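**Q** Quick one: the structure is below, and I'll ask about it shortly.
The values are calculated or read from the model by the stated rules, or taken from the named source; none is laboratory data. Computed from a prediction, not measured in an experiment: that's the story for all the values here. No Cβ is skipped: glycine too gets one built from the backbone with ideal geometry, and neighbour counts run over all protein chains shown. Remember, those area values only see protein heavy atoms, side chains included, never the ligands or the DNA or RNA. Shrake-Rupley method; radii C 1.70, N 1.55, O 1.52, S 1.80 Å.
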Amino acid sequence: MPVPLPSPDVPLDWLRPGWWTPATLASFEWAHRSLLYFIPALPLVWVARALLALRTRPRLEMAFFPDQARWRWVGLLRFVPDAVLALAMALVLVALARPQQTSHLVEQNSQGIDILLVLDTSASMQLRDLEPNRLEAAKGVAREFIRGRFHDRIGLVVFAGEAYSLTPLTTDYDLLLRQLATVKLGLIAADGTAIGSALGVAVNRLRDSPTRSRVCILLSDGENTAGQLAPETAARLAHLFGIRLYTIGLGKDGQVAFDTDSVSGQTRYVDTRLDETTMRQLATLADGQFFRATNEAALSTIFREIDRLEKAEIRETRFRDTRDFYPIYLRWAMVLFVVWVALKSSFLNSALED
């Protein structure tokens, strides 16, 4: 995590000692890091030059300073300007290496999907080839589907012999789950399976939606036996308004457990049949897919597949903000150059010149 630093353009802020701490230097990104490798060479050059000067000019210094202890002290001072120059050059290299800090900002924009769940509540949904019955199995999987969505508006349409919009499109998933929990057999007095009417209600809810993706998920176990609108007509309307339709056929065909006789305790069976041809045709007409769910695991898999197919598009916008801090070290280098010039022109250095 980069150490947060003030702007190098703040007046006099470059005088703060915090610019020299190891944590600050380690927090930088270096545009030209290779230049830093030349810094260790500067002290070596300075030491070599100092040793050469001590070897070639000892007699002159002894003439100015006969006292041995004083000569040693002043002799060391003579190398201070060179040390200041080496430090200034090191800071120039630091500035040329261009220390900087970069911050990244990622903005995500997602457009949700409008989804209508169309759930059959007719009498045949109490059949128990799905546990505990077809309706409760469908509600359970729908509940998990709702909990797994984000940013999407979801609504609920229920139907039997008639169709009603139970919950409008909403992102209040808690409200939607409470409404889903109230769905039960006999919720709609008129018996039958009005698939066309249910799809008509769904299309009416979705047609004015401003979102680009609009989806209808129909869960039913029978064939259209009620209502004034043909299912095929409703599917064509869905296609006309850009609504994708997924149809899910619930349960098995043939003899299916219905209930238990209260007197004999024996399980009673009824004949049931799903109009798979029509369900498949409806999905095709509205650019969707048909699925058959004969058990709870298959139903869960179907909803996961729909969840995978109908993901909201997420667009990322990345911003990169780079702040340069080389002016700090360049200013210090300039100060040290001025100090070096002043020291070189001082009386002490003038006296020690050849």
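**Q** Quick one: grab the alpha carbon gyration tensor of the stretch 102-240, order the square roots of its eigenvalues as a ≥ b ≥ c, and give me rounded if a/c is under 1.5, else prolate or oblate depending on whether a/b is larger than b/c.
**A** Cα axes put the stretch 102-240 in the oblate bin.
**Q** Now a separate question. About the Cα centre of the stretch 168-216, what is the dipole size in debye to 20, counting +1 per Lys and Arg Cβ and -1 per Asp and Glu Cβ, all else neutral?
**A** Here the stretch 168-216 has a charge dipole of around 160 debye.
**Q** Please arrange Tyr37, Tyr173 by accessible surface area, largest first, computed with a 1.4 Å probe and ligands excluded.
**A** Most to least solvent-accessible, the answer reads Tyr37, Tyr173.
**Q** Further question: Roughly how many Å² of Glu144 are accessible to a 1.4 Å probe, to the nearest 10?
**A** 110 Å²
**Q** For the stretch 178-301, what is one quarter of the convex hull surface built on the Cα atoms, given in nm²?
**A** Averaged projected hull area, Cα only: 9.5 nm².
**Q** Continuing with the same structure: Within the P(r) computed for the stretch 139-190, what percentage of the Cα pairs occupies the region above 16 Å?
**A** Considering the stretch 139-190, 39 percent of its Cα-Cα pairs are separated by more than 16 Å.
**Q** Could you work out what % of the accessible surface of the stretch 118-186 is carbon and sulfur, using a 1.4 angstrom probe and leaving DNA, RNA and ligands out of the count?
**A** Percent of accessible area from carbon and sulfur atoms in the stretch 118-186: 51.
**Q** How far apart, in nm, are the 7 Å Cα→Cβ label points at Thr21 and Asp191?
**A** So the label points at Thr21 and Asp191 sit 8.0 nm apart.
**Q** What whole-number value in Å² describes the accessible area per residue of the stretch 132-186 for a 1.4 Å probe?
**A** 44 Å²
**Q** Right, here's the next one. Run the paramagnetic zone check for Arg178: 7 angstrom along Cα to Cβ, then residues of the stretch 192-213 with backbone nitrogen under 18 Å.
**A** From the stretch 192-213, the list is empty.
**Q** Classify the stretch 171-236 from the C-alpha gyration tensor, please: rounded if a/c falls under 1.5, else prolate or oblate depending on whether a/b exceeds b/c.
**A** Because a/c hits 1.5 or more and a/b fails to exceed b/c, the stretch 171-236 counts as oblate.
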